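The values are calculated or read from the model by the stated rules, or taken from the named source; none is laboratory data. Predicted model only: the values in this text are computed from it and were never measured. All Cβ positions, even for glycine, are placed from backbone atoms using ideal geometry, and neighbour counts span all protein chains on display. Ligands, DNA and RNA are stripped out before the accessible areas are found, and what is left, the full protein with its side chains, is counted by its heavy atoms. Shrake-Rupley method; radii C 1.70, N 1.55, O 1.52, S 1.80 Å.
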Amino acid sequence: MPSICLNGITKRFGSVTALDAVSFTIDGPGCVGILGPNGAGKTTMLKILTNIVKPSKGIATLDGISVSEYPERALARVGALVEQPEFYPYLTAREILSFVVKIKMVKDEKEEIRRVSELTSIGGYLDRKAGELSRGMKQRLGLAVALVGDPDIIILDEPTFGLDPSGMKRIRDIIKEINARKNKIIILSTHLIYEAQEVCDRIIIVNKGKIGYDLNNHTSDHVKIELESTGGAVDFPKQIANQWKADGNVIYLQKAEGAKNSEIIDYCRKNGLEVKWVTPYNDIESIYVSLTK
Amino acid sequence: MNAGMTKFAASTSYYFRNYYRSRSFYLMLAMSLLVSGLMMFFTLRYVNSLTGFLPNLNLTSLSMPTKESVFGFLWSYVLLYLPVFSSVFFGSSAISSEIENRTAFHIFALPISRSSLLISKYLAAVMVTVVISMIYILMQAATFIYVFQIPLISGFFYSVALLIIFIFSMTAFTFMLSSIFNKNTYAYISVFLIYFLIFTAYQFIAELLYKTTPFYLLDNAAGIIEKVYVNISLSPFNFNFSLNPVGFGEIAQSVLVMAIYAIVSMAVSLIIFERKEVR
């Protein structure tokens, strides 16, 4: 089973802290969306996972192998598309794929190029030089490069950026198609909430270099607690909540396993908060807005 | 072939391909053909009036081997600029372009060590520079055989071997400067400033004030490529004119200087490239 672990990752660029003690684990297949506004730290997180930048503190591992210590081994079963990809301008798309096939030690070169180019619909321009490709074509070539060798972990940083609506849909469909097989980890960084909701199983909201919220996109263990008035800070115990975020007279909360709504209400009352409603909640947009405003 | 070697061979081949298809390559190729064509024209036209260009010797004519050596010197004197410009074109942007053109996002995430990437790119840059220089060398050889009707002299082969060593060290030097910057323009300007301005100014000062030629400067060491024909120094403060080639000691010293430049520059480039981050 593929796995990804970020443990206390801090990244500073001069006086700017791009990531501040970020930790999370992905220990099974599925698509995980990293959602956040521009400058939140999403790309930095993915750059650390792909050895493009090194963490100032903490450790990032892929399949248990430290990326900064053993990058070649850690990245052996990883495919990545980070930022808007650029390729050597005088090489054709076919040559670029062939280069990656050789670097990833894939045996049947022709068959692998045929497979990834068919999957990403780039067969029509395989013999065009990278310098002559449009933004959208490069984006698809980047995705094809990431898929070479059928990696266990696929890291995609805003893969639909700069594409027209049909191009965006095509890429999302490809990601869904790969995710449907449930044998890979796909990390998808995006600032489009609907994209994350459509494609991902789990969504991690990042803001100002920290993880703001981590939620399952399919289950309803999240509740929205509306209070009679704006309450003070409440520190929920582990038996009741995994995580929570207060926003005015609303608290977004992920229930701990087995926790009941009545327990949440009782706990709030004990802490001086009068609860108006507790409703099941999965509106990522509201959580996102409350976290990032 | 083991995995590391396969990856290294693949990246060298792809970098070489990307270099020889570039505009810079065709520009340098045109320069090489143009300059060697001009040299061929001047050789054919002035082969019998060479003594007029050498007033210091008060000679009425030159013996055949000397004439050949003087022409060898002149061809090599002009040749030296080709690998310099070629290295500047291919080496100065070698690392900075990976950052500026954002190709680093693609290659850094691949399962290949950065040292393999850097050394393979370095070898590819050396190879294209050798190809460009060889066009000039072949024109030189063809002209000599045609004009003098004798096989090539030993000085020619020494000169070519030293030229290849110089290409290795000059390319490594440009790679080192390229690794410091994230912008191609800064890298280009730095190489030109250091090689053509700082080295020359330093040499002038050393010769003028201390009456010594700084043998440890790369451009001085490269002068050995022409001095294996005849030992002429064209420096205004340290003029030297001898129709004999330099001795083994001076050749060994220059080779050592060039080798040190190559090794130190590549070591520094590797250290910087290994720590390079793309924000």
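For the reader, a short list of remarks on this structure follows.
- Share antiparallel - DSSP beta bridges, the protein assembly as shown, percent rounded to 5: 70
- Take every Cα pair under 8 Å whose residues are at least 6 apart in sequence, average their separation, divide by the length of the range A:219-292, and the relative contact order is 43 percent.
- Cα pair distances of the range A:219-292 binned at 5 Å [whole percent]: 3, 17, 32, 28, 16, 4, 0
- The 1.4 Å probe gives accessible areas that order A:ASP108, A:ASP235, largest first, as A:ASP235, A:ASP108.
- Spacing of the two label points (7 Å from each Cα toward its C-beta) at B:PHE248 and A:ASP235, in nm: 8.3
- Average projected area [Cα convex hull, the range A:107-221], square nanometres: 8.7
- Note on chain B: helix-only mean residue ellipticity at 222 nm, from DSSP H runs of 4+ residues weighted -39500 (n - 2.57) and normalised by residue number, equals -23500 deg cm²/dmol.
- Relative contact order computed over chain B (Cα-Cα under 8 Å; 6+ residues apart), in percent: 25
- For the range B:102-258, the Kirkwood estimate of the hydrodynamic radius, built from every pair of different alpha carbons, is 18.1 Å.
- Only helical runs count toward this figure. For chain A, summing -39,500 (n - 2.57) over DSSP H runs of n ≥ 4 and dividing by all residues gives -9000 deg cm²/dmol at 222 nm.
- By average C-beta atoms within 10 angstrom, highest first, the peptides B:264-273, B:251-260: B:264-273, B:251-260
- Alpha-carbon centroids, the range A:245-259 and the range B:167-194: separation in whole Å: 56
- Set A:LYS57/A:LYS169; A:LYS102/B:LYS276; A:LYS57/B:LYS276; A:LYS169/B:LYS121; A:LYS169/A:LYS224 screened for pairs whose C-alpha atoms are more than 27 Å apart: A:LYS57/A:LYS169; A:LYS169/B:LYS121; A:LYS169/A:LYS224
- For chain B, the calculated P(r) over all alpha carbon pairs, in 5 Å bins from 0 to the bin holding the longest distance, is 1, 6, 12, 15, 17, 15, 13, 9, 6, 4, 2, 1, 0, 0 percent.
- Inter-label distance for B:ILE271 and B:LYS183, nm, one decimal - labels placed 7 Å from Cα along Cα-to-Cβ: 2.6
- Cα-based radius of gyration of the range B:184-225 once divided by 2.2 N^0.38 Å, which approximates compact folds: 1.29
- Percent RCO, i.e. relative contact order, over the range A:1-124, from Cα pairs under 8 Å lying at least 6 residues apart: 20
- Each 5 Å bin from 0 upward holds the following percent of the Cα-Cα pairs of the range A:3-211: 1, 8, 16, 20, 20, 17, 11, 6, 1, 0.
- For chain B, the membrane-span-like helices by this rule, meaning whole DSSP H stretches whose C-alpha atoms cover at least 15 Å of axis and whose Kyte-Doolittle mean is -0.5 or above, are B:3-20, B:23-46, B:64-79, B:114-148, B:154-180, B:199-210, B:248-275; this says nothing about an actual membrane.
- Principal axis box of the protein assembly as shown, alpha-carbon based, largest edge first, Å: 115, 55, 38
- The range B:149-206: projected area of the alpha-carbon convex hull, averaged over directions, in nm²: 6.2
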